[in-house]
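Report on the following structure.
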Amino acid sequence: MNNRTEEAVWNQIRAMNCPKYNILLLNQETKEPRNFWGVTPAGVMKLVPFMSFMNGVKGWNVYVEPAPKANAALVLVDDLSPEKVEEMRQDGLEPACVVETSPGNMQVWVRFGTGEMPPEERRLLARGLARGYGGDPHSAGSSHKGRLAGYANLKPKHLGKVREGRSPWVLCRESRGGTCRLGSRLRACAHWEAERQARHSRRQPAQKPSPPQAFPDRHVPRPRPGAPDSSPGIPTFQMTVARARQYFDEWERWHRARGLTVNYSVRDYGVCCRLFKEKHPRWQIKEALLPLIDMEWADKLRRKAPDYLDRTLDAAWRRVFG
């Protein structure tokens, strides 16, 4: 190995022992991601100089996870103390790899066998380990990225914990590889529990709204321009426009009086909910909101979701009538 970073990366990759990995680079400031999917161990080593540049110069954190179809029955347990790691080891759950992400804070990869493990079984095992040893429950899922050793942990809360003005290094503390002693037994338990839950869900299927009846007024024809409203009890279009403007003004005044930044998507959703509760037709709400929505905000959203307003109306309809 040419340097300590390459050695740390290789030790972790060798201990995880998967045919392919997903690599994530995440900008600490903007949260912009950059992904490399299905990278072989040799490919990961070729990325080391680039990842070092992005981490040390550009300020990007580096994460790794087994590729979904090459998981090799690995489960991540996050946010453990060294005492809890030792307790796992004594209980027959020897880690394949232990990574120290910050002083006294460990991420543990545990292998429960060979070959691919179904996502539901990985989720059950991850939740059980996190619950039993005090790990982070938000990181206990069928798939979760852990930090890659050899790079700095750039989270601001860790700055200066080791050296003043410097971020701590992510260290590979243990890289023995191998399967834990209780691997086959716990994997069989997870398999049985996953099948039991599947049978239970088949007996009691989840209730889902039936499209397109879930949003019936989407297909109501609009009246001719200038035609009187022949439906008693239905607000007119002029009433919808007036109410929409009133609610927009109330929302912004309330936030500005308290020095808060207006969340435009939450505002639009809240106004839609209030108008649906007052029985305003969907097409009237959409036409009333279009000229009121901030154009710069709407343009940004349309680049991600061209039907932004339709999705907002659908979510509001489900909230009020679903």
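Candidates are the residues of the stretch 2-11 that are assigned to a helix (DSSP H, G or I) and either farther than 14 Å from residue 169 by Cα or hydrophobic (A, V, I, L, M, F, W, C) (or both); the one that is least open to solvent (accessible area, probe 1.4 Å) is 9.
Residue-by-condition table, conditions (1) part of a helix (DSSP H, G or I); (2) of a type in the set (A, V, I, L, M, F, W, C); (3) open to solvent by 30 Å² or more (accessible area, probe 1.4 Å); (4) closer than 15 Å to residue 169 by Cβ:
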residue: 61; (1), (2), (3), (4): no, no, no, yes
residue: 76; (1), (2), (3), (4): no, yes, no, no
residue: 84; (1), (2), (3), (4): yes, no, yes, no
residue: 95; (1), (2), (3), (4): no, no, no, no
residue: 99; (1), (2), (3), (4): no, yes, no, yes
residue: 108; (1), (2), (3), (4): no, yes, no, no
residue: 115; (1), (2), (3), (4): no, no, yes, no
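Output yes when any residue across the stretch 234-256 is loosely packed, with under 11 Cβ neighbours inside 10 Å, modelled with pLDDT under 80 and within 19 Å of residue 321 (Cβ to Cβ), and no when none is. Among the residues of the stretch 234-256, not one is loosely packed, with under 11 Cβ neighbours inside 10 Å, modelled with pLDDT under 80 and within 19 Å of residue 321 (Cβ to Cβ), which makes the answer no. Of all residue pairs spaced 6 or more apart or on separate chains, none has beta-carbon atoms under 7 Å together with a first member in the stretch 81-96 that is free of Cβ contacts under 8 Å to residues at least 60 places away in the same chain and a second member that is open to solvent by 70 Å² or more (accessible area, probe 1.4 Å). Of all residues in the stretch 273-294, those being part of a helix (DSSP H, G or I), hydrophobic (A, V, I, L, M, F, W, C) and at pLDDT below 85 number 3.
When the stretch 257-272 is filtered for residues that are of a type in the set (Lys, Arg) and either closer than 17 Å to residue 315 by Cβ or at pLDDT 85 or above (or both), only 267 remains.
Does residue 180 fit the bill of being within 16 Å of residue 111 (Cβ to Cβ), assigned to a strand (DSSP E or B) and modelled with pLDDT of 90 or more? Answer is no for this residue. Which of the residues spanning the stretch 132-167 are among the hydroxyl-bearing types (Ser, Thr, Tyr), in a helix (DSSP H, G or I) and over 19 Å from the mean Cα position of the chain (by Cα)? The answer is 133, and nothing else. Return yes or no: is residue 122 open to solvent by 70 Å² or more (accessible area, probe 1.4 Å) and not hydrophobic (A, V, I, L, M, F, W, C)? It is false that residue 122 is open to solvent by 70 Å² or more (accessible area, probe 1.4 Å) and not hydrophobic (A, V, I, L, M, F, W, C).
Residue 186 falls short on exactly one of the conditions (1) surrounded by fewer than 20 Cβ atoms within 10 Å (Cβ to Cβ); (2) of a type outside the set (Phe, Trp, Tyr); (3) more than 24 Å from residue 61 (Cα to Cα), and that condition is (1). Regarding the stretch 81-102, can at least one residue be identified that is at pLDDT below 90, closer than 27 Å to residue 30 by Cα and touching a Phe, Trp or Tyr at 6+ places or on another chain (Cβ under 9 Å)? Taking every residue of the stretch 81-102 in turn, none turns out to be at pLDDT below 90, closer than 27 Å to residue 30 by Cα and touching a Phe, Trp or Tyr at 6+ places or on another chain (Cβ under 9 Å). Scanning the stretch 12-38 for residues that are over 21 Å from the mean Cα position of the chain (by Cα) and open to solvent by less than 20 Å² (accessible area, probe 1.4 Å) yields 12, 13, 15, 16, 18. Taking the criterion of being free of Cβ contacts under 8 Å to residues at least 24 places away in the same chain and surrounded by 13 or more Cβ atoms within 10 Å (Cβ to Cβ), the residues of the stretch 135-165 that qualify are 137, 141, 142, 159.
The values are calculated or read from the model by the stated rules, or taken from the named source; none is laboratory data. Small disclaimer: the values here were computed from a predicted structure and weren't measured. Cβ sites come from the backbone with ideal geometry, for glycine too, and all protein chains shown count toward neighbours. All accessible areas refer to the heavy atoms of the entire protein, side chains included, with ligands and DNA or RNA removed. Shrake-Rupley method; radii C 1.70, N 1.55, O 1.52, S 1.80 Å.
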